[in-house]
Amino acid sequence: MNASVLMIALPLLAAFLLPLTGPLARWVGPFAAALNIALGISLWQTVAQEGPSVVVMGGFAAPLGIVFRVDTLAVLFATALAALVLILWPRTSADPRRESALLLILLAAGCGLAFSGDLFNLFVFYELIAVASYGLVAASRERLAAAAGLRYLVLSALGSAFALLGIGLVYALAGTLNLADLSRHADALNSPLGLAAFALMLLGFGVKAELFPVNAWVAEVYSTATARTTALLAGGVSKLALLIVLHLVLLVYAQPAALSLLLTLGLLSIVSGQFAGYRAADLPRMLAYSSIAQLGMIAAAFSVSGEAGVLAGLALALHHLIVKPALFLVGDGWPKCVDSLAGLGRAEPWRAALFVLLALSLLGIPPLPGFWAKLLLLKALLGMGEPAWNLAAAVVLLGTAIEGAYLLRVLQTLFRGTTNAKPATFGGALPAGVLGVALLLVMLAATPVGGALQRAAQQAADVPAYVADTLGGSPQ
Amino acid sequence: METLSTATELEWLGWTFYAGSAGLVLLGCYALFAARHALRLLLGLFLLESGVNLFLVAVGFRPDAAAPILVGEQAGSMVDPLPQALILTAIVIGVGVLALGLALAVRVAKEEGTLDLAELGRRLAATHTPATAEETLPQSGRTETP
Amino acid sequence: MTWIADVLLLIGAAFLFLGALGLWRMPDVYTRLQAGTKAVTLGSVAMLIGVGIERPDWWPKLLLITLFILLTSPLGSSTVARAARVIGQRPWRAGDAKETP
Amino acid sequence: MLTSRPRWPALLFILGLALLLTALLRDLHFGNAPMQVGQAINGVAAHETGAANVVASVLLAYRGLDTLGELAILFAAATGAGLVLGIAFRNGNGEAQAKTNTEPPAGFILRKGADLMFPFLLILGAYVILHGHLTPGGGFQGGAILAAAFFVPQLARPSSPFNERTAHWVEALAGASFVLIGIAGLAGAGWFLAPLLGTGSVGELLSAGSIPLLQLAIGLKVGSELAGLMIALHGPKET
């Protein structure tokens, strides 16, 4: 179980020591990421055999100290992030050593976000991811990348200040920061002030999760940062931010008002994202807006309390984690404007075929995994049996229709006419191919994957077990 | 402190703290909404963070309690040490973000020659999308693209 | 004794406020610097003495702080003023427009 | 200045926010928040960690992982700043390089002042770091003082070499030693960042287990980091 701590400590150690490694610097990062994957797999086996458990930092038991909760969900996200970082490791960069250090820090912080069971500790890791991503965004040589990074930094720091205010309010009301302990004192937060704290935290953590009012940065950052950074932010980091929201909703804010708030923001994200995607004229922006909508769907899924919602959100998150990075990579190097994509389907058939596969899965065409994820979402939303959630299901369907309209427009353009432009170099061929193969594997192994997700959702939604594990089942 | 005993005094002190932190937060928010220059926005962020930190310290306050440092064999209550540790962390985070923001501002100023974030946003919106750029520009009252 | 301390603290607060006001209202770098340095130094030293009267056991530390302020505050402002002069900031004359802060 | 749009929407928004905050804060009773965790820590901290400064024991024992994250944030910020400024100065067609070389020498006052303060700042920084578990202060505060100690002479004499190589080594090794102390706790006591070395008696310099060691690591790391950051913002020196 202590492997979970090593998944944070070792990448940080590697990042700190990176300036001293000389010629080895190129290999330290990928090696640390691979090591994290191995640790994650070993943890997966332990959790499968022994069930979830709790790791105590420094031997100071909760709620005084910080604890890690190691369950299937956390291991899944930590391992997936490590795999994504390894797949997307940059081949060339402006300053390889510094960029490697930032990526390693992002990796460590992501694992921390997946495992930590303490509200303020989650905030620290969230900020760590944020600071690492500002640097990575600005590392692009694209014109205006730094401007996009600066605007992103200002918005994100505003959100973080709000989140910290929310955490302060939570501490003022409940007197503790441990999530399991807060779950015991959830009554203290069931007041206007408690709800305000939730709203503040949602605003703060929603910046990375691309939630509705605070996602203005998404399009401009994703269209100026390098494709691999974009893929990492859209694919990995946003899910981890939503994971915090999931923990809050499951453990602390199971009250209807908080759930409705999350649902509303999710639906607004879907609607605004899909409409903006429909209007977008260039591919990176279109993909960025679609990413907002997809994350809105995950947020809507998490607003369904209980196992069904967690399962749907998890399936959507993992699907998006595979598909969206691959789409950004395939689109990298193509002309940005959608209209100039004409004829590329004939010029580069394999690349276009990969794009078609990914786009269809994103849309949710039946045999592909995206279909099952959306089906789970609709089932979960309708399973609530309340008008607001029924309406949400309708909004999701409407969003899918709009998404279909603009994605099919791109596909149509790809296979229309001919181009005499030379085929662009496909720099992201290897990572995009790996992700495409992963998608096909998930499709073929739908049953075991579904079983694993079911188990993860079951463990995550079992709040009494979480509280008992963390606090040692001690009576109040 | 030992002079603080009556309930009214406590209430006054509480309002001072809350009004101070709320004032700083609001001032920071106002700077973020009204100003457009990057340095002013960063200053506004810093004000906002100070307000949040002041609020956190105020949360840990206890009447008639000492600072959380043991001197000799002292009995009696101490104020809550946890928020103080939290704001130490928060201050360092704030400094890191501010430093990175300044570095980004230096690069932006060198490359673009302006630090007006709204203007930069307009340029960003116009980078790749001639079609959408024309749609969005008229509402901000500009027609020429720099 | 306490009322002396109170008066000193009040004087300190008043000078600090005036320093801040000067920083805002003065027309150019040099005048602002002198508001931000002289008034603030006087204000903080007055406050430190006030605290020292209230809490006699803190004298050594307060003395060190006072010395440090008296050393660094003029150093900092003289350096800023020099830098402003080197890059060609002209002192304000009556009738000039006030610089925007 | 740059604002041409009206300010009243922002003002109105702020006014609304103020009203909301006032309404909310009325429910919050000042001075008797339910500080369960805080009270519990106040009760057991001295006994469990051996540090007289309870804040330091929260920072480095109970919430040591937060502090590691905080250290990493500072490192990430410095690294990111180096990355961004490196690109900026490379793109700046050598103009920036020329500017720093023609920077006028610092004045007499600054030079003398820097010389005068350097030893005091060094001593003060070391004192604040090493007494972090006894008095207010600690690695971050002391580290900031150390950074100032090394940065002020740099301002006074821009041509004097700031040894970046050494700074890099100090920075890397200090950061690594924090993590390694944590891993040593994992190997020795079974918990990451578990206290080593015993608690000693409260109030003495050599007490509080591994807290002073961690403070030292933080102080050195923060000092070298901040000094490097300020020098990076100051302009390119070499390369």
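The values are calculated or read from the model by the stated rules, or taken from the named source; none is laboratory data. The structure presented is a predicted model; accordingly, all values stated were derived computationally and were not measured. Note: ideal-geometry Cβ built from the backbone for every residue, glycine included; neighbour counts use all protein chains shown. Ligands, DNA and RNA are excluded from the accessible area calculation, which covers all protein heavy atoms including side chains. Shrake-Rupley method; radii C 1.70, N 1.55, O 1.52, S 1.80 Å.
Numbers for the structure displayed
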read-out	value
Residue-averaged [θ]222 nm for chain C, counting only DSSP H segments that reach four residues, each worth -39500 (n - 2.57)	-24500 deg cm²/dmol
Debye equation applied to the C-alpha atoms of the stretch B:49-121, log10 I(q)/I(0) at 0.21 Å⁻¹	-0.92
Theoretical FRET efficiency, 1/(1+(r/R0)^6), r = Cβ-Cβ of C:D6 and D:H168, R0 60 Å, to 0.05	0.70
Computed [θ] at 222 nm, deg cm²/dmol, chain A (DSSP H ≥ 4; -39,500 (n - 2.57); rounded to nearest 500)	-24000 deg cm²/dmol
Where labels lie 7 Å past Cα in the beta-carbon direction, separation of A:L382 and B:T16 in nm	6.2
With all protein chains modelled, accessible area of A:S183 [1.4 Å, Å²]	20
Drop in accessible area of at least 20 Å² in the complex versus isolated chain, residues of the stretch A:165-179, 1.4 Å probe	A:L165, A:G168, A:L169, A:Y171, A:A172, A:L173, A:G175, A:L177
Charge sum, other residues only, whose C-beta stays under 14 Å from A:Q458's C-beta, Lys/Arg counted +1 and Asp/Glu -1	-2
Percent of C-alpha pairs per 5 Å bin, the stretch A:99-237, short to long	2, 11, 19, 21, 18, 12, 8, 6, 3, 1, 0
Globularity index of chain C, i.e. its alpha-carbon radius of gyration over 2.2 N^0.38 Å	1.29
Radius of gyration and Dmax over the Cα atoms of the stretch A:1-117, both given in Å	14.7, 45
Spin-label model distance (nm) - C:W58 vs A:R141, 7 Å beyond Cα toward Cβ	5.7
Rg over Rh, two decimals, chain A (C-alpha only, Kirkwood Rh)	0.95
The stretch A:209-463: equivalent-ellipsoid semi-axes (sqrt of 5 x gyration tensor eigenvalues, Cα, Å)	31, 19, 16
Total formal charge among the other residues, if their Cβ is under 14 angstrom from that of A:L106, Lys/Arg +1 and Asp/Glu -1	+2
Label point distance in nm, C:L67-A:I41, each placed 7 Å from Cα along Cα→Cβ	6.4
Whether the stretch A:38-95 is rounded, prolate or oblate, judged on the alpha carbon gyration tensor where a/c under 1.5 counts as rounded	oblate
Projected-area average for the protein assembly as shown over all orientations - Cα convex hull basis, square nanometres	39.3
All aspartates and glutamates inside 13 Å of A:K324 as judged from Cα atoms, apart from same-chain residues fewer than 8 positions distant	A:D332
Average Cα contact separation per residue, chain A, under 8 Å, 6 or more apart, as relative contact order %	14
Computed P(r) (all Cα pairs; the stretch B:7-90; 10 Å bins; percent)	18, 35, 29, 13, 5, 1
Convex hull volume per residue for the stretch C:1-46, taking Cα atoms only, in Å³	38
For D:L196, distant residues with modelled amide H under 5 Å away	D:S210
For the protein assembly as shown, accessible area per residue (1.4 Å probe, heavy atoms of protein chains only), Å²	40
Dipole magnitude of the stretch A:253-357 about its Cα centre (Cβ charges: Lys, Arg +1; Asp, Glu -1), debye to nearest 20	160
Over 32 Å between alpha carbons, listed pairs B:K110/C:K38; A:K208/A:K379; A:K336/D:K221; C:K38/C:K61; A:K336/A:K379; A:K208/D:K221	B:K110/C:K38; A:K336/D:K221; A:K336/A:K379
